[in-house]
1. Taking the options A:Ser97, A:Ser92, name whichever one is touching a Leu at 6+ places or on another chain (Cβ under 7 Å) and modelled with pLDDT under 95.
2. On the given criteria, is B:Arg72 more than 14 Å from chain A (Cβ to nearest Cβ), crowded, with 19+ Cβ neighbours inside 10 Å and of a type in the set (D, E, K, R)?
3. Only one residue in A:Ala86, A:Ala82, A:Ala21 is away from chain B (no Cβ under 14 Å), closer than 28 Å to B:Gly112 by Cβ and either more than 14 Å from the chain's Cα centre (by Cα) or among the hydrophobic types (A, V, I, L, M, F, W, C) (or both). Which one?
4. Mind listing whichever residues of the stretch A:47-79 are over 13 Å from the mean Cα position of the chain (by Cα) and of a type in the set (Gly, Ala, Ser)?
5. Being outside any loop (DSSP other than H, G, I, E, B) and closer than 18 Å to B:Phe106 by Cα: is that true of B:Ser21 here?
6. Just wondering, is there one or more residues in the stretch B:80-91 that are of a type in the set (Val, Ile, Thr), surrounded by 15 or more Cβ atoms within 10 Å (Cβ to Cβ), in a loop (DSSP other than H, G, I, E, B) and more than 11 Å from chain A (Cβ to nearest Cβ)?
7. Taking into account only those residues within the stretch A:65-79 that are surrounded by fewer than 22 Cβ atoms within 10 Å (Cβ to Cβ) and small (Gly, Ala, Ser), which is farthest from the other protein chains (Cβ to nearest Cβ)?
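The values are calculated or read from the model by the stated rules, or taken from the named source; none is laboratory data. Being a predicted model, the structure only gives us computed values, none of them experimental. Cβ placement follows ideal geometry from the backbone for every residue including glycine, while neighbour counts extend to all protein chains displayed.
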Amino acid sequence: QSALTQPPSVSGSPGQSVTIACTGTSTDVGSYDRVSWYQQPPGTVPKLIISEVNHRPSGVPDRFSGSKSGYTASLTISGLQAEDEADYYCSSYTTSSSWVFGGGTKLTVL
Amino acid sequence: EVQLLESAGGLVQPGGSLRLSCAASGFSFHLYAMSWVRQAPGKGLEWVSGIGATGGPKSYADSVKGRFTISRDNSDNTMFLQMSSLRAEDTAVYYCVRSAGLLLVFPLDYWGQGAPVTVSS
């Protein structure tokens, strides 16, 4: 199972919006609405911020939103804040009954 | 409060074996699927293996299939990962992770603090 494809880095200024794309195949993103996103600030444990394409767990700000079209899922962060600076990972359930992650995207808040 | 506490990890020689455990508390362990996810130093996340709430089905990443074995003891609220024929590329922090339901298809919602494993001579 090959990793999902994410851009290595994105950046934005406070208050702006950024979108991180996550591209898979017919055996993962294209087969299920089982796409999750995780936030991992430096030196911390990953935290679930979006599940099942666009559901936010309790406590996650509504500045975070998700979507999916075909084989590509996206995470949008609006109203960027300094505390959003972190690594972001997408993941998808697969037709092999496993999970696959993207390579991760480093978000820099300028 | 959901808590997942991995065993200490450690230093192992190439070709050696190591068993990780994960003690769960704060939720009904027998109702949730569980997984192991690893992160090599400075690298991204890699799902390693998962197990359904009742002990099956079990699933493995191709990179560890035939070398790692996942299991759980619902009477003791504990999950295990038996790692054999270890290689340098298995060096990583291993996270114990809960799924949000009975089956592995549910999202990975709670993560332990991680157990560092180093494979080196």
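1. From the options A:Ser97, A:Ser92, the qualifying one is A:Ser97.
2. Yes: the conditions hold for B:Arg72.
3. Selected residue: A:Ala82, the only one of A:Ala86, A:Ala82, A:Ala21 that is away from chain B (no Cβ under 14 Å), closer than 28 Å to B:Gly112 by Cβ and either more than 14 Å from the chain's Cα centre (by Cα) or among the hydrophobic types (A, V, I, L, M, F, W, C) (or both).
4. Once the filter is applied, which keeps residues that are over 13 Å from the mean Cα position of the chain (by Cα) and of a type in the set (Gly, Ala, Ser), the stretch A:47-79 yields A:Ser58, A:Gly59, A:Ser69, A:Gly70, A:Ser78, A:Gly79.
5. The answer is no for B:Ser21.
6. Scanning the stretch B:80-91, I find at least one residue that is of a type in the set (Val, Ile, Thr), surrounded by 15 or more Cβ atoms within 10 Å (Cβ to Cβ), in a loop (DSSP other than H, G, I, E, B) and more than 11 Å from chain A (Cβ to nearest Cβ), so the answer is yes.
7. Checking each candidate, the answer is A:Gly79.
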